[in-house]
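What follows is a single structure, written as structure tokens, with notes after it.
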Amino acid sequence: MWRDDAEIPPHIAFGDIFNPFSINLLGYGKSEKDTQFVLNIFGFIELMARCDDIDVRNVVSTTIMARIGDDFNILKQALNYIGKETKRLALEIEGFYGRGDNIELLKQNMDFI
């Protein structure tokens, strides 16, 4: 699980640390401060989604957005914050999983398809 150089693999870091934290923020009522924090978090995720490195984009789709898509209501909340490329990656992974309700929700919230 761990690399020899003691770095935390990105899928572990985002899957085990980031996902529970972000899902908690999305799932509960937020203060104005929390809302800005969530915008900042998903702004960073959008930068990752636009990265030239396929491994970075893979973390966004298979680790972050696939987990958010496990809960329809959390995905619905996330759509208030995620950017276009993150949505595109989410649609791609939802298609892979065949989650029709999520696919329709994403398509309804995409202005570029």
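The values are calculated or read from the model by the stated rules, or taken from the named source; none is laboratory data. It should be emphasised that the depicted structure is a prediction, and the values quoted were computed from it without experimental measurement. Backbone-built Cβ (ideal geometry, glycine too); neighbour counts: all protein chains shown.
The table below gives the values:
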{"quantity": "Pick from the stretch 76-91, criterion among the aliphatic types (A, V, I, L, M) and not in a helix (DSSP H, G or I), ranking: surrounded by the most Cβ atoms within 10 Å (Cβ to Cβ)", "calculated": "82"}
{"quantity": "Residue 47 under 20 Å from residue 109 (Cα atoms) and touching a helix residue (DSSP H, G or I) at 6+ places or on another chain (Cβ under 8 Å)", "calculated": "no"}
{"quantity": "Which listed residue, of 111, 70, is part of a loop (DSSP other than H, G, I, E, B), among the acidic types (Asp, Glu) and closer than 19 Å to residue 11 by Cβ", "calculated": "70"}
{"quantity": "Test: residue in the stretch 31-40 that is at pLDDT 95 or above and charged (D, E, K, R)", "calculated": "no"}
{"quantity": "Tabulated pairs, the stretch 92-106, first part of a helix (DSSP H, G or I), second of a type in the set (Val, Ile, Thr), C-beta under 6 angstrom, 6+ apart or interchain", "calculated": "94/103"}
{"quantity": "Test: residue in the stretch 61-71 that is closer than 18 Å to residue 107 by Cα, of a type outside the set (D, E, K, R) and touching a residue at least 40 places away in the same chain (Cβ under 8 Å)", "calculated": "yes"}
{"quantity": "Tabulated pairs, the stretch 10-38, first closer than 20 Å to residue 73 by Cβ, second among the charged types (D, E, K, R) and crowded, with 17+ Cβ neighbours inside 10 Å, C-beta under 6 angstrom, 6+ apart or interchain", "calculated": "19/67"}
